[in-house]
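Visitor: Here it is, the structure in full.
FYI, it's all coordinate maths here, none of it is from the lab. Note that the coordinates shown come from a computational prediction; the quantities given were computed from them, not determined experimentally.
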Amino acid sequence: MHDQSQSHGHGDGRTPSHAPQPYALFIKVWAALMLLTCVTVGASVNWPGAVGTAVAMAVTPIKASLVLLFFMHLKWEPPVFKIMFLTAVGLMAVFFGLSFFDYLYR
């Protein structure tokens, strides 16, 4: 029978493989997410159209990275998980880019 507690790299299954993080860190990340949300909303209200969209497209990956790194604990995972994630994001970016070029030149 396969022991599920060993399959995720978390030791005995009862304790995480990284030290607990202070609440202050998560509060700072939350504050950064709120600030970036305000930047996105402000840009869409003040500069509707291309500029607002460009700001949103620039800020959104930063917000997603903060959520993935801190709230989903990717920062403290083994390198193999980071490599798998970056590979998936890279492939998605390639497919999105190809789709945009296809749409642009139709």
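Visitor: Kirkwood Rh and Cα-based Rg: tell me the resulting Rg over Rh for the stretch 12-72, rounded to two decimals.
Guide: 1.18
Visitor: What does the C-alpha gyration tensor say about the overall shape of the stretch 48-106? Classify as rounded when a/c is under 1.5, otherwise prolate if a/b is larger than b/c, or oblate.
Guide: oblate
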